[in-house]
């Protein structure tokens, strides 16, 4: 009997042993990849849509894990009450995460009434994150290595964006308001002290985190606090293209959680421009602002009609609807040196986007320069487009600074690509009568023209340097003509291109005085296009190539050459090195690229170097 019982017990023991041997232990480990390990470490509401380990610690402390799943609002209210009397910061962090998660759950709710509550919980998440980061509590301030600090910044930023999305169809409502939140009341005012524009100038504000960009290599994003926005300006008669400015909003909480609960809390919604060097001061601390200067540019280019302008303008189809002009890519700011981009043939200012984006990403350049662009009909004669450029620069300076109080406007840098480089040179040379002589073999005063035609000819061909332009950059510029400007190409284009009537009339009035070489170059037509202007046979182009820059102007050449051979024997497919090279330049830089080299990283880096050199010159002059 005893022996039988022993056998039974041994059998049971053996069965349990076998069972345990075949199953994992209740506590143990498993091997994972470094990527999976990091993903688990960084899991939070923003990355994986779950509470982080730090928040789970707080939920377990108060035995609230299951209750949060069943009644999130009650758990938020319970922990809020605990935070009023508990100095530990981790409760605030948990409140930020749990409020954000509940906001996302409400946003997906079927009842519309519950969806309407989502912005309140997002705003609460932002308030709790702010308190976690910046509140004065007995528990020490976070150290720089605590991953909760960066996550709390992001919860604050995303919570602020989604918390202010109370307008029609989720639009941002950035006006003063009293927000009645689930755990208290917050009175929000608007502060534009550090914002250079009026809110009335904007059609809408869009969060940058709502969009992914394409077509631009780098997204210039600086990490900090605040919600980065796209400020979309209202359309006007003068603005033929949409404008958007990078904006950051920061909600400064001027109250404790106790005051929030009592309904006496206030906050200030502060606006900042990402073009400015803003110093944020919060309780003797200096948290950086979150900024994004790339997404606003991509936003306006997404639907901009500028993309069709280059080719359409060349054929003469867009010239009247969008006139030649200087377009500011950002609102004018006194004290910043203008850098003017001039595009090439078949092109438009949008092709400068890569360079513009990179230069704006540089913290020094962003604060010292403002970037403008000249738009023109690239089929018109080069001298006509150049005259329009000179007029546009003069007029813009007179408009922006009629009293001449801004010295930065007199330190201008002009950067031209391809044909745009020829226009650029025609802002900084003193031609005298040399261009008229090259075209007609005579002085202008000896030509029998009407006074109107003589005045227009003088505007086009008797060039005086603009004293405001102190530095020029030529990129892939055909100073001595393009290898593609063959006679048959020029003849074909003259049959297709429609030039503005004013240009045709001026050219025809001069046509009787053209030299035999000029007449031979343009054939039977007396209306030359820009392609004629870039012919190696063009005597005007030859004369311009030999004309030095005005005294005090510094020039730089960036020459594109394809392949790895001797650059002096090469070309970029459109312009040969021997055509792009100019004597007397401050620098010459070779980039191994095709003709459209303005977006090449090495070209952009060289322009950055040149602009920093220009700042050094300006600093020397002001000492």
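Here are a few things to note about the model shown:
- The value obtained for region 44-296, namely the Cα convex hull volume divided by the number of residues, is 144 Å³ per residue.
- Estimated FRET transfer efficiency when R0 is 51 angstrom, pair residue 459-residue 37 (beta carbons, to 0.05): 0.15
- R0 of 22 Å, Cβ-Cβ distance residue 60-residue 141: FRET efficiency to nearest 0.05: 0.30
- FRET efficiency, residue 284 to residue 104 (Cβ-Cβ, R0 41 Å, nearest 0.05): 0.75
- Ranking of 571, 209 by count of other Cβ atoms within 10 Å, fewest first: 209, 571
- Cα pair count fraction exceeding 26 Å, expressed as % - region 164-275: 28
- The packing ranking, built from the mean of other Cβ atoms within 10 Å per residue, places the peptides 582-592, 427-437 in the order 427-437, 582-592, highest first.
- Computed on region 44-296, with alpha-carbon pairs under 8 angstrom and 6+ residues apart, the relative contact order is 16 percent.
- Packing, as the average of other Cβ atoms within 10 Å across residues, places the peptides 378-388, 345-355, 44-54 in the order 378-388, 345-355, 44-54, highest first.
- Spin-label proximity, residue 266 to region 156-186 - amide N less than 16 Å from point 7 Å beyond Cα toward beta carbon: 176-179, 185-186
No value in this document is a laboratory result; all are computed from the given coordinates. Source: prediction; values computed, not measured. Virtual Cβ from ideal backbone geometry, glycine too; neighbours counted across all protein chains shown.
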